[in-house]
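Notes follow once the structure below has been shown.
The values are calculated or read from the model by the stated rules, or taken from the named source; none is laboratory data. Given the structure is predicted, the values throughout are model-derived calculations rather than measurements. Cβ placement follows ideal geometry from the backbone for every residue including glycine, while neighbour counts extend to all protein chains displayed. Heads up: the accessible areas ignore ligands, DNA and RNA and are worked out on the full protein's heavy atoms, side chains in. Shrake-Rupley method; radii C 1.70, N 1.55, O 1.52, S 1.80 Å.
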Amino acid sequence: MAKIAALSGFPEWLPAERLVEQHVIDVFREVAELHGFSGIETRAVEPLEQLLRKGEIDKEVYVLRRLHAEEEGADPAREDRSRTLGLHFDLTVPLARYVLEHQNSLAFPLRRFQIQKVWRGERPQDGRFREFYQADLDVIGQDTLPGHIEAEVAVVMAEILHRLPMPRFTIHANTRRLSEGFFRSIGLEDQSAVLRSLDKLPKVGADTVRELLLTESGASPEQAQACLDFASIRTGDASFAQQVRDLGGSGEMVEQGIAELTAVIERVEAAVPGVIMADLSIARGLDYYTGTVFETFVTGHESLGSICSGGRYDALAADNRHTYPGVGLSIGLSRLISRLLSAGLATASRSVPTCVLVSVTGEQHRHLSDAAARALRGRGIPCEVAPSAAKFGKQIRYADRRGIPFIWFPGVDGAADQVKDIRSGEQSDADAAAWEPPAQDRSVRILAADEGQSAAQA
């Protein structure tokens, strides 16, 4: 058989790596539910015309041609976006449809989290995939949504990230009102052009952005410098406000933006100290978001870009009766997990869930092994029964290769059961109805880099 080639952009983790991925998913769900968010799952496909309504490129959407062709009356040679189905490339478009479709059955504000695979036909590269998990956290209102929700969603996401085995992170925040107000106060009317130019700062640098501001935004040299100075403001408290005013920022919109961003900074800082920062360079998404916008960076891994972004949007969906504003944040889970694994930032304490391998003395005694396994599982101890009645040495090596810390020897002809710690060699009598493994061995633990090193040395 010819060697199977890997399919680029579609990650498949080994069992120990999947345990890390599952841990991240579990933490997200646990913290979200702790804050009253309900989990939903939407269908994997949406009509192509809906997927492309925000201007996405057709080539990035995986289209289900065969399903379309099999629909009654469909002409596979003629593309009809209202009938063609595509795999969703994010979870926002499905959420908008979900809210409109189920609005009469939902209670608002809707507190929703969603962890699901999405598909995007882009060029695979480090941290970017064609099939990946995304995790979203949103609060959706009906017609209105209080401003304090912006800080609340950021706090929940900060708590999620805080529990993950990763280095220090910082959530950077800006507001559309503050940026637009500042640009207007210094005489620049085409805010979108200014934001597009400032969005390129991390990639091309200040000199190139200055030229873009001059040529594409119609800025004077003084205005261009003021924009760059504005984008350089970063503070962990409300001191950004005076810096904006010192640069010439004034007027009602500027002061409203300052008040909004100050409230977010202070609320998040009070709940999760040391993770929030006012960063007025954030421009990405401000043409879509209508309030606060967030981007999150991991210390020492800035090349990964923002691992979590989002903000307030006042037009998620609308019909003839209602509009649905929302605040949401999203993590590209597969992208984050890929870095956790490749950089050795997180490892599983063992490669399988199994804590105990129950040995088999002989096939005629397998029922004793099955009974011991049932007793252990009944008390929540993960275990499995040896696949064959091989020599004990071979069964021990099997457990060792799989990373199983304990092996159980059922007693035969009235003898007591025994359990052996494969790592230390210690063996003792044990009762399957009462024996407990050490707490750190009962379940797989996901270790941060420093914990993994300590465990290896121990």
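In region 297-316 there is no residue matching the filter, namely being in contact with a Leu (Cβ under 8 Å, 6 or more places away or on another chain), over 20 Å from GLY147 (Cα atoms) and among the polar types (S, T, N, Q). Any residue in region 366-380 that is open to solvent by less than 30 Å² (accessible area, probe 1.4 Å), in a loop (DSSP other than H, G, I, E, B) and within 22 Å of GLN22 (Cα to Cα)? No; the residues of region 366-380 include none that is open to solvent by less than 30 Å² (accessible area, probe 1.4 Å), in a loop (DSSP other than H, G, I, E, B) and within 22 Å of GLN22 (Cα to Cα).
With the requirement that a residue be open to solvent by 50 Å² or more (accessible area, probe 1.4 Å) and closer than 13 Å to PHE182 by Cβ, what does region 252-265 give you?
First pass over region 252-265, keeping only residues open to solvent by 50 Å² or more (accessible area, probe 1.4 Å): 252-253, 255-256, 259-260.
Hits for region 252-265 are GLU252, MET253, GLU255, GLN256.
The set of residues from region 385-402 being open to solvent by 30 Å² or more (accessible area, probe 1.4 Å) and within 18 Å of PRO438 (Cα to Cα) comprises just one member, ASP400.
Taking region 95-117 as the range and being surrounded by 21 or more Cβ atoms within 10 Å (Cβ to Cβ) and outside any helix (DSSP H, G or I) as the test, the residues that pass are LEU110, ARG112, PHE113, GLN114, ILE115. Looking only at region 208-238, how many residues end up being assigned to a loop (DSSP other than H, G, I, E, B) and under 16 Å from SER179 (Cα atoms)? Total satisfying the criteria: 5. Just one of the listed residues (GLU131, GLU122, GLU150) is among the charged types (D, E, K, R), within 21 Å of THR92 (Cβ to Cβ) and crowded, with 23+ Cβ neighbours inside 10 Å, namely GLU150.
Which residues, counting only those in region 412-427, are in a loop (DSSP other than H, G, I, E, B), within 12 Å of ILE396 (Cα to Cα) and within 40 Å of the chain's Cα centre (by Cα)?
First, pick out the residues of region 412-427 that are in a loop (DSSP other than H, G, I, E, B): 412-417, 422-426.
Narrowing further to those that are within 12 Å of ILE396 (Cα to Cα): 422-423, 425.
Scanning region 412-427 gives ILE422, ARG423.
Taken over region 287-318, the criterion of being in a helix (DSSP H, G or I) and not hydroxyl-bearing (Ser, Thr, Tyr) is satisfied by GLU302, LEU304.
Quick check on LYS420: is it modelled with pLDDT of 95 or more, of a type in the set (Lys, Arg) and open to solvent by 70 Å² or more (accessible area, probe 1.4 Å)?
No, not satisfied.
Does ALA278 fit the bill of being in a helix (DSSP H, G or I) and either at pLDDT 95 or above or on the phi > 0 side of the Ramachandran plot (or both)? Step through it out loud before you land on a result.
On the way: in a helix (DSSP H, G or I): no; either at pLDDT 95 or above or on the phi > 0 side of the Ramachandran plot (or both): yes.
Against the criterion (in a helix (DSSP H, G or I) and either at pLDDT 95 or above or on the phi > 0 side of the Ramachandran plot (or both)), ALA278 does not qualify.
One residue stands out in region 333-354 among those that are in a loop (DSSP other than H, G, I, E, B) and within 22 Å of ALA135 (Cβ to Cβ): the one that is most open to solvent (accessible area, probe 1.4 Å), namely ALA343. Filtered by the rule that a residue be part of a helix (DSSP H, G or I), buried (at least 16 other Cβ atoms within 10 Å of the Cβ) and at pLDDT 90 or above, region 30-62 gives VAL31, ALA32.
Return the only residue of PRO438, PRO410 being modelled with pLDDT of 95 or more and loosely packed, with under 15 Cβ neighbours inside 10 Å. Lay out the reasoning, then the answer.
On the way: PRO410 fails: loosely packed, with under 15 Cβ neighbours inside 10 Å.
Result of the check over PRO438, PRO410: PRO438.
Taken together, ARG284, ARG321 contain a single residue that is part of a loop (DSSP other than H, G, I, E, B), over 17 Å from the mean Cα position of the chain (by Cα) and under 28 Å from GLY127 (Cα atoms), which is ARG284.
Restricting to region 118-154, what's the tally of residues that are part of a loop (DSSP other than H, G, I, E, B) and β-branched (Val, Ile, Thr)? Give the derivation first.
Let us first name the residues in region 118-154 that are part of a loop (DSSP other than H, G, I, E, B), namely 120-124, 126-127, 129-130, 141-148.
Remaining after also requiring β-branched (Val, Ile, Thr): 144.
The qualifying residues number 1.
If you check GLY249, GLY205 for being assigned to a loop (DSSP other than H, G, I, E, B) and either without any contact (Cβ under 8 Å) to a residue 12 or more places away in the chain or open to solvent by less than 10 Å² (accessible area, probe 1.4 Å) (or both), only one passes: GLY249.
Scanning region 177-191 for residues that are open to solvent by less than 60 Å² (accessible area, probe 1.4 Å) and either part of a helix (DSSP H, G or I) or touching a Pro at 6+ places or on another chain (Cβ under 9 Å) (or both) yields LEU178, SER179, GLU180, GLY181, PHE182, PHE183, SER185, GLN191.
With the structure loaded, tell me whether SER197 is among the hydroxyl-bearing types (Ser, Thr, Tyr), at pLDDT below 95, under 28 Å from ALA154 (Cα atoms) and open to solvent by less than 60 Å² (accessible area, probe 1.4 Å) or whether it fails that test. Answer is yes for this residue.
Could you list, in sequence order, the residues of region 18-43 that are β-branched (Val, Ile, Thr) and closer than 17 Å to VAL155 by Cβ?
As a first pass, look at region 18-43 and keep what is β-branched (Val, Ile, Thr): 20, 24-25, 27, 31, 40, 42.
Hits for region 18-43 are VAL27, VAL31.
Can you work out which of the residues in region 1-20 that are over 14 Å from PRO353 (Cα atoms) and either aromatic (Phe, Trp, Tyr) or within 16 Å of the chain's Cα centre (by Cα) (or both) is least open to solvent (accessible area, probe 1.4 Å)? It would help to see each step written out before you state the result.
Initially, region 1-20 is screened for residues over 14 Å from PRO353 (Cα atoms), giving 1-13.
With the extra rule that they be either aromatic (Phe, Trp, Tyr) or within 16 Å of the chain's Cα centre (by Cα) (or both), the set shrinks to 10-11, 13.
On the way: PHE10: 62, PRO11: 34, TRP13: 68 Å².
Looking at residues that are over 14 Å from PRO353 (Cα atoms) and either aromatic (Phe, Trp, Tyr) or within 16 Å of the chain's Cα centre (by Cα) (or both), I get PRO11.
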